[in-house]
Amino acid sequence: MMIKRLINWFLSQPIRIKVLAFGVIMSTIPLLFISYYYYSHVKADLEVRILDKQELMLQILSSEIEMEFNQTFQQLQIFSSLKQHEKNKAAFYELLQQNESIEEVVVTDHKGFVEKKVSRYNLNMPESNEQWFSDKMWLDFQTKNKVYGEVEFNRFGQPVMKLAIPYVENGNRKGIGVIIQLQKTIGHISSLRQEDSAYLYLMDREGNVIAHQDYSKLWQKRTVEKDRNVLGLKTEISDLGWTMVMEQPAETIYEPINNMFQNGLFAVALVTLIVSLISIYAGLYFTTPIIHIEKGMNHLKAGKRPSPIGLIRHDELGKLSQAFNEMSEELQEKSLRLEQEKERLNVVVNGIGAGLALVTKNYNVTWMNPRLSNWLSNEEIQLPCYTLIGGKNVPCENCPITCPDIEWKGEMIMSMNRDGGEDKLFRHRVFALNHAIQDEGEFLVVIEDVTKQKQWEEKIIQTDKLSALGLMASSFAHEVNNPLATINAYAEDLSDRLASPDDELDMTEMSLYLSKIKENTERCKRITSNLLNFSRKTNWTLSQIDVNKTIQNSISLVESSLKKKQIQLKIKIAEELPLLLGDSLKLMQVLVNLINNARDAVEETGEIGVEVKAEENFVSILVIDNGCGISKERLGKIFDPFYTTKPVGKGTGLGLSVCYGIVEEFGGTIEIESKVGIGTTVKVRIPVRNKKREEVQ
Amino acid sequence: MKTKWYFFILTVVTVSVFINNYFSVHENTPFKVGVLMIGDSRLEKLTGLKKGLKELGYEEDAIDFEVKNAKDNQGLLDNKINELLKKKPDLIVTLGGVETIALKEKMEEQKIRIPVVFAGVAAPKETGIIEDYRSPGGLFTGINNFHTGLAGKRLELFHELVPSVQRFHVLYDKDVEVSVLSLENTIEAAADLSLQILPTNVSDAEFEAKLSQNLQKNDALLILPGFRIESLIKEISQFSKKYKIPVMGIYGDEVEEGFLASYGTSFFDQGYQAARYVSLIIQGNSPADIPVELPDSIRFIVNPKIKDELGIELNNDLMDIADFIDDESEASQ
């Protein structure tokens, strides 16, 4: 858990800290491993060497002591082998001279009393009945050839020891004894300089320390115990029963390697310091550009202009910095462009005459421009688009929001009753946005106020209609005139025959006259009512159109003018035509205009054909003439308003333009094929729509 | 900020380790040993001391000697002691009794605590330098050259060497405590041995005249320890030759100068033996714990040339154990 936390903490550190840690770990861990290896290796080696050295030293010293004592016993043996008369003072003195450690030489009798004595320091006068042996020595003296006394002190506090050997003289077991000064041996052992705090000590057979380099430990009872903090060896001096011990405290044994270890630590610390410096430099070397770039990024994020990173390097970081500088420059430029675009767009969006709105696929309006806001009241903004804009309760038919797959021309006219009570016409188009963010408006709705445009269009249509009527006026007059003349003739004839009684005038004859008058009156009425109907100014009214009837009505309007020019009209109407949806009067106006144009193009006695047939989903109406035709140059302009080839007073130039507008309104097409001198064929295709009955009504 | 702290701590650690290493390396500075001597006669002790230390494993650079020599001028000794104490040595080696007593006084007066090794003092306990032979108890320890205790033995040996001597004139210095103590020892021994002794005080300016007036046939001269007596060796030798009196001294150089014999430890041996004490104290022992030692070796030296000059007979028993003066020069090498 702790390690995991530590790792997480480490991972959260900046790169320079990681580089530092990496450098330090990489430099110190191998060094510590190597140091530890050598430390343990050298430690073991050192122990072996110390023990070897101690063993050697103990051997030398113990053999020295052993040799010294053996030598003394040898000297005593030699002395004992002397004949009685030879054991004079000179022999005694010689013994003293031979061995500097001997303080005193005595010869004892069979009871252990001193017979003769020669001393190095004192007078050679034995005390009376001086018992030289201690009890223990005396006991040993009876059985052994070499007798060792205890370590004791003389009156000057010097450590001394008695040695004796027995010899037989004249049947008596006598003894030769010496007092040996131990100070030289002890002093030598004690004062021998030892390296590294090693120390030597010597214990007698009772376990008393008789020599120690630390004099405060002298004459204490001691047992050699294996102390863990001490490295040591012991050796026993045979016969004498002494034990010599050499020990060295662990802390001094390991002092050299501890020093080495300290030096190692110093090296580690120094290396860590140097590596840290290098790592910090390396860390900064690597991270400074990143930090600069991060700062630059933050500046960019905050919308400020970052100062360029002045890093002249040829490595990846240098290239990164350069790329960042270029990127930020480009971003700045693009931001500026974007601002400009935005400004333009704002001007356009706010200044455009159209209303704009963003609509989600759930029909919610998320944004609208001020123009549209002005058209709507504020509380309505919560409503779905079809209610808010179209005033409907359900989405519009074929709305691209509902059916994104359907190809929609994207145009729909609708009327809205605004506050002023005035009905206005709006055209709205819906565009799917490819890069929209979900729920922020995936569709743009463009709403245009087309009320005035529609009014103008209506006016032009009416103008065109009246113009056509004007042009047809003489024909109409002529058409009306004929029945009127007929009526007049019948009426005058009847009047004359009534005035001059005529028997032949019976009821049947009279009925015939009256029926003729009625028939011609009906004809006049039909002509005028047809004319009135055509000239009526109407708005676009939706109804089911019987194509046949409409064509007949249209022909009846132009028939007289055709007759006048003796033009032959050939009508070919297919049976069982489907009903069309639209304004029949407007379709009539199209046909009248087209036939009038054909009439004008055709020479006298020419031919005009009207063909109506049903195609798949379409009803096509063809107006064919064998007139002068239209040149290719003119063909491109003929739908332009006020473009006319007719002489002044013959046409307004609005006819075909109005036809185009009406056919567009029907959702159909109008095409003209013409060859100069051969004739012209105008093909109008009106789509068949299955409107719901309610809508039609 | 973290980085700064890191560097601060790291630098402190490095410097600490460096300083620690530096001091542990410089711990082994030479041991400073002060040496105090009354005059050039003691130089042999210094030679012995140096040789002893070398044999104990101390190379020359291990010990730094600060030697102060009073050139046989007791008045100068105090100045030399003051100079030495100012140097604050780790240890002082005194090469004789006079120096030791004077140093003890100065150290007590100035309340200075430095371990002192005396390389041969005749009666350290009796003169109050130490409390006890086995545990000296103070700052002083060293070698009891036993010249006081040996005085009686020397009388016995002298008597055995020259059996014809009837009376022993004993030269002592009344102003020197050791000398007086030696006289007491000699008187005791004379009583035990039933010998006649005649003490003469050398601090008496007319001792020589008095002595010469008091001479008889078969008289001999026994010299007791005392620095004044030691400085009178030449005069005593001439006196010996003049009046044909055998003289028993203490040191080999006295025999070289013209004494018949000497019995005692040599200056060289005392210095050599003192090296052990220096080593023990260097190794951390307290002088209070280190027992005072008797001399390792006592030499009996005879000058056969003087025997011939004096025309006396010597005991052959003793002649066997004596070092002769010709051998002495070899022995001291």
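Remarks
- Residues of region A:508-532 with amide N under 16 Å of a point placed 7 Å along Cα→Cβ from A:D493: A:508-521
- Taking region A:257-291 and a reference point 7 angstrom along Cα→Cβ of A:I29, no backbone N atom is nearer than 11 Å.
- Estimated FRET transfer efficiency when R0 is 35 angstrom, pair A:E86-A:Q220 (beta carbons, to 0.05): 0.20
- Top of B:F268, B:F239, B:F158 by mean-square fluctuation, Gaussian network on chain B, Cα under 10 Å: B:F239
- Interchain or long-range residues, amide H under 5 Å from A:I573's placed H: A:V612
- Positive minus negative residues near A:A302 (Lys, Arg vs Asp, Glu; Cβ under 14 Å): +3
- Compared with the dominant Cα axis of chain A, that is its longest principal axis, helix A:15-81 is turned about 10°.
- Span-like helix ranges in chain B, DSSP H, alpha carbon extent 30 angstrom or more, Kyte mean at least -1.0: B:2-25
- Cross-link reach list, lysines versus A:K53, counting only Cα pairs under 22 Å and skipping chain neighbours closer than eight places: A:K43, A:K226, A:K234, B:K54
- Dimensionless Rg/Rh of chain B - Kirkwood Rh, Rg from C-alpha atoms: 1.14
- Over 30 Å between alpha carbons, listed pairs A:K563/A:K613; A:K144/B:K153; A:K116/A:K144: A:K144/B:K153
- Ellipsoid equivalent to chain A - semi-axes via the Cα gyration tensor, in Å: 158, 23, 20
- With respect to chain A, whose longest principal axis is taken over its alpha-carbon atoms, helix A:547-564 is tilted by about 50°.
- Nitroxide proxy distance, nm - points 7 Å out along Cα→Cβ at A:L6 and A:I352: 6.6
- Residues within the reach of a label modelled at A:Q142 (point 7 angstrom out along Cα to beta-carbon, backbone nitrogen below 15 Å), restricted to region A:166-204, are A:173-174.
- At a probe radius of 1.4 angstrom, the accessible area of chain B per residue rounds to 43 square angstrom.
- Multiplying the residue separation of A:T402 and A:K301 by 0.36 nm and subtracting their alpha-carbon distance yields 32.5 nm.
- Once you reduce region A:445-517 and region A:227-288 to the center of their Cα atoms, the two points are 138 Å from each other.
- The listed residues A:W219, A:W367, A:W456, once ranked by accessible area (1.4 Å probe) with the largest placed first, stand as A:W456, A:W367, A:W219.
- Cα gyration tensor, region A:456-696 - rounded (a/c under 1.5), prolate or oblate: prolate
- Pairwise label distance in nanometres, B:Q216 with A:F22, each label 7 Å out on the Cα-Cβ vector: 11.2
- Taking every residue in A:252-265 and counting other chain Cβ atoms within 10 Å of its Cβ, the average works out to 2.
- Value at 222 nm in deg cm²/dmol, rounded to 500, when DSSP H runs of n ≥ 4 in the protein assembly as shown each add -39,500 (n - 2.57): -16000 deg cm²/dmol
- Between B:N73 and A:L635, the distance separating the two model label sites (each 7 Å from Cα on the Cα→Cβ line) works out to 15.4 nm.
- Pairs of Cα atoms nearer than 8 Å and 6+ residues apart set the relative contact order; for chain B it is 20 percent.
- Take each residue of peptide B:144-153, count the partner chain Cβ atoms within 10 Å of its Cβ, and average: the result is 2.
- Cysteine residues of chain A whose C-beta has no other cysteine C-beta under 4.7 angstrom: A:C385, A:C403, A:C524, A:C628, A:C659.
- Note: relative contact order over chain A, using C-alpha pairs below 8 Å and six or more positions apart, is 7 percent.
- Between chain A and chain B, roughly 4400 Å² of accessible surface gets buried, counting both sides and using a 1.4 Å probe.
- Note on region A:456-696: with neighbouring protein chains present and a 1.4 Å probe, carbon and sulfur make up 51 percent of its accessible heavy-atom surface.
- Cross-link pairs B:K45/B:K88; A:K217/B:K68; A:K564/A:K683; A:K392/A:K459; A:K162/A:K184 - those with Cα-Cα distance over 24 Å: A:K217/B:K68; A:K564/A:K683; A:K392/A:K459
- Theoretical FRET efficiency, 1/(1+(r/R0)^6), r = Cβ-Cβ of A:R337 and A:K650, R0 51 Å, to 0.05: 0.35
- When the square roots of the Cα gyration tensor eigenvalues are ordered a ≥ b ≥ c, the ratio a/c for region A:82-181 is 1.5 or more and a/b does not exceed b/c, which makes its shape oblate.
- Using the Cβ-Cβ distance between A:K234 and B:E235 with R0 = 56 Å, the FRET efficiency computed as 1/(1 + (r/R0)^6) comes to roughly 0.45.
- Structural descriptor for region B:102-182: relative contact order 28 percent, calculated from alpha carbon pairs under 8 angstrom and at least 6 residues apart.
- Going from the chain on its own to the full set of protein chains, region A:133-157 has these residues losing 10 Å² or more of accessible surface (heavy atoms, 1.4 Å probe, no ligands, DNA or RNA): A:F153, A:R155, A:F156, A:G157.
- Basic side chains Lys and Arg get +1 at the Cβ, acidic Asp and Glu get -1 at the Cβ, and with that the dipole of the protein assembly as shown about its Cα centre reaches some 4240 debye.
- With Cα atoms, 0 to 90° folded angle of helix A:655-666 axis to chain A main axis: 50
The values are calculated or read from the model by the stated rules, or taken from the named source; none is laboratory data. These numbers were taken from a predicted model, which means no experiment stands behind them. For neighbour counting, all protein chains shown are included, and Cβ atoms are generated from backbone atoms with ideal geometry for every residue, glycine included. These area figures cover heavy atoms from the full protein model, side chains too; ligands, DNA and RNA do not enter into them. Shrake-Rupley method; radii C 1.70, N 1.55, O 1.52, S 1.80 Å.
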